[in-house]
Amino acid sequence: MNILLKSAKIIDQNSEELHLKTRDILIKKGTIAKIAAKIEPEGKTRVIKHKNLHVSIGWFDSSVAFGEPGYEERETIANGLHTAALSGFTDIVLNPSTHPAPDSSSSIVFLKNAAADQLTSLHPLGTLTVDAKGIDLAELYDMKNAGAVGFFDFKKPLTNPNLLKIALQYVQNFEGLVYSFPMDTRIAGKGIVNEGEVSTKLGLKGIPILAEELQVARDLFILEYTGGKLHIPTISTAKSVKLIAEAKKKGLDVSCSVAVHNLSFTDDCLEEFDSAYKTLPPLRTKTDAKTLIKGLKDGIIDFVASDHSPMNIEEKRVEFDNASYGSIGLESAFGSLNTLLDTETTIGLLTKGRERYGLKSPVLKEGEKASLTLFDPEVNYIFEEGHISSTSKNSMYMGSPLKGKVYGTINKGLFVTEEA
């Protein structure tokens, strides 16, 4: 079936010819056949027409967790990818948060095969160490050949600096990307929230910003010594931004990301002991959030991530100390980011990052495969449970005012929309 987008405003800063222009776009057999001021439908064509319709290349999310295999009650691959498509994402990087941990080529093949028929493409991370225990390196080369785009012991810091050194040296043979979670557990101790005025007032054990910054500084020193490709996921402090900026000036091959919720919320939200706000890294201060936003705008922080982490209700609706970390974020990512930033900046951030993982970025032009996100950036609404497609409902955005609605996504010749 052909698809015709009518009067769509194109947001594509890589195209001087089309950026901010309103055009009709005809898609035939998954390929952009024609872009023109006016196109009339012919034959069997599905016409997509919405008030204030905007279109960009498909969005990319570098930090998504589901549950399958092992934790299907949190989220399955099929429903998770459908949720990603409804949220505007045509590509996601899947965190290795399953059981068993994906530490072998067969695990990566399973994940790739389970996602093969879905609109949203799944790009799995393998664990850096066997069973993510931080002792012995996993089968990195074999996993890379099977389709792993990087290596990460999910949310587990590498306590052994020599292991990181060896990993960075080893992966240079095949352009592998090593992750290192930014937290020194010896400094963090038993902390569960940001250490500061709020944690002291509430009587909660704190994670000092020093725990993140010491780890980031250590990892950057090791990277400078070894070379290789390092990614530091979901940084949360102002000093981390400064450290990474200095490393990039030295020419080190380092990238980093930030979770959307660390831009939107601060530790002031903890006043009611709501476990929806319990994340790792924790929500920090207003100063940190402002610096993170500036770091994104300045290009020091390479990309923004939803850090989508579904948890079933039994793991969140307990005492704050005992609750699991994590919040879902796919459904709220666009609306929250678009509330903080202008639309062009928002779409620029949501469409960047693929190259870091060796993935080809889509191109919005005639003759190219259609990988598109359809949206209206001006819709204002209050985020409620009805906006959630995920199996788990643990969202810290519940009741928050957001701006921007996704109409659907087109990829691999498929079209997903809430209206379908």
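The values are calculated or read from the model by the stated rules, or taken from the named source; none is laboratory data. Just so we're clear, the structure is a prediction, and the values are computed from it rather than from any experiment. For neighbour counting, all protein chains shown are included, and Cβ atoms are generated from backbone atoms with ideal geometry for every residue, glycine included. Heads up: the accessible areas ignore ligands, DNA and RNA and are worked out on the full protein's heavy atoms, side chains in. Shrake-Rupley method; radii C 1.70, N 1.55, O 1.52, S 1.80 Å.
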Pairs where the first residue, in the stretch 366-381, is under 13 Å from Ser87 (Cα atoms) and the second is open to solvent by 50 Å² or more (accessible area, probe 1.4 Å) and polar (S, T, N, Q), C-beta under 6 Å, 6+ apart: Asp376/Asn52
Pair list, Cβ < 8 Å and 6+ apart or interchain, from the stretch 111-126 residues that are under 14 Å from Asp61 (Cα atoms) to residues that are among the aromatic types (Phe, Trp, Tyr): Thr120/Phe89; His123/Tyr357; Leu125/Phe151; Leu125/Phe152; Leu125/Phe154; Leu125/Tyr179
Residue match in the stretch 380-401 (condition: surrounded by 22 or more Cβ atoms within 10 Å (Cβ to Cβ) and in contact with a Lys or Arg (Cβ under 7 Å, 6 or more places away or on another chain)): yes
Boolean, Ala65 is open to solvent by less than 50 Å² (accessible area, probe 1.4 Å), touching a Gly at 6+ places or on another chain (Cβ under 8 Å) and among the small types (Gly, Ala, Ser): yes
Close pairs from the stretch 19-38: first in contact (Cβ under 8 Å) with a residue 60 or more places away in the chain, partner among the acidic types (Asp, Glu), Cβ under 6 Å, at least 6 apart: Ile32/Glu366; Ile32/Glu368; Ile35/Glu366
Subset tally (residues that are within 24 Å of Ala115 (Cβ to Cβ) and either among the acidic types (Asp, Glu) or crowded, with 20+ Cβ neighbours inside 10 Å (or both)) for the stretch 130-154: 16
Identity of the residue in the stretch 306-325, touching a helix residue (DSSP H, G or I) at 6+ places or on another chain (Cβ under 8 Å) and of a type in the set (Gly, Ala, Ser), that ends up most open to solvent (accessible area, probe 1.4 Å): Ser324
Odd one out for Arg186, checked against (1) within 26 Å of Asp91 (Cα to Cα); (2) in a helix (DSSP H, G or I): (1)
Flag for Ile57 being in contact with a strand residue (DSSP E or B) (Cβ under 9 Å, 6 or more places away or on another chain) and open to solvent by less than 10 Å² (accessible area, probe 1.4 Å): no
Single condition Lys112 does not satisfy, out of (1) out of contact with any Leu (no Cβ under 8 Å at 6 or more places or on another chain); (2) not in a loop (DSSP other than H, G, I, E, B): (1)
Residue count for the stretch 270-299, restricted to those that are farther than 27 Å from Lys393 by Cβ, acidic (Asp, Glu) and surrounded by fewer than 19 Cβ atoms within 10 Å (Cβ to Cβ): 1
